[in-house]
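Chemist: Quick one: this structure, given as C-alpha cells, is what I'll be asking you about.
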Amino acid sequence: VMPALTFAATANAALYLGAKPVFADIHSGTGNIDVKDAERKLTKRTKAIVAVDYAGLPAELGSVRRLAKKHKLVFIEDAAQGLGASY
C-alpha cells in the first residue's frame, strides 16, 4: 500500500519485484498517505506499506510505522522528495 500521489518510480519498484501496488488516498493538507485509508486498503495479501515524504513534507512516520507493526507489514520510507524535511 502506498500513497496515490507519488513519483512513478515508487510504484514501479513494487512492480519490478512482482508486487501489485495498491494506492491509498492522501491527506489533503500534506499530500502524504492517509493512514486511515491505507488501513482500509489492507488485505491478507498485503506485505508492505510505503510512506512517501512529499514536497519537503515528511509523512506521518509514527502512524505508518504503528500500522505496519500492527499488521506485521514491512515498512518502507521513500524519502526522495523529502529534501529539507524533518520529523
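Any read-out appearing in this document is the output of simple, stated calculations on the displayed coordinates, not a laboratory observation. All values derive from a computational prediction rather than experimental measurement. Reconstructed Cβ throughout: ideal geometry from the backbone, glycine too, with neighbour counts over all protein chains shown.
Chemist: Please arrange 63, 28 by counting, for each residue, the other beta carbons lying within 10 Å of its beta carbon, fewest first.
Modeler: Lowest to highest Cβ neighbour count: 28, 63.
Chemist: Grab the DSSP H runs of the chain that are 4 residues or longer, score each as -39,500 (n - 2.57), total them, divide by all residues and round the 222 nm result to the nearest 500 deg cm²/dmol.
Modeler: Helix-only estimate at 222 nm: -8500 deg cm²/dmol.
Chemist: Can you give me the relative contact order of segment 2-78 as a percent, contacts being Cα pairs under 8 Å and 6 or more apart?
Modeler: This gives 29 percent for segment 2-78.
Chemist: Quick one: 33, 49, fewest Cβ neighbours within 10 Å first, how do they rank?
Modeler: 49, 33
Chemist: What full-extension length gain, to one decimal in nm, is calculated for residue 55 and residue 25 as 0.36 nm per residue of separation minus the Cα-Cα distance?
Modeler: Stretched fully, the residue 55-residue 25 segment lengthens by 9.1 nm.
Chemist: Work out, step by step, the length gained on full extension between residue 79 and residue 42: first 0.36 nm times the residue separation, then minus their alpha carbon distance; give nm to one decimal.
Modeler: This chain segment gains 11.1 nm when fully extended.
Chemist: So what's the Cα pair-distance distribution over the chain, bin width 5 Å, in %?
Modeler: The percentages, shortest bin first, are 3, 16, 29, 27, 17, 6, 1, 0.
Chemist: Nearest 5 is fine: what % of DSSP beta bridges in the chain come out antiparallel, could you say?
Modeler: Bridges in the chain are about 20 percent antiparallel.
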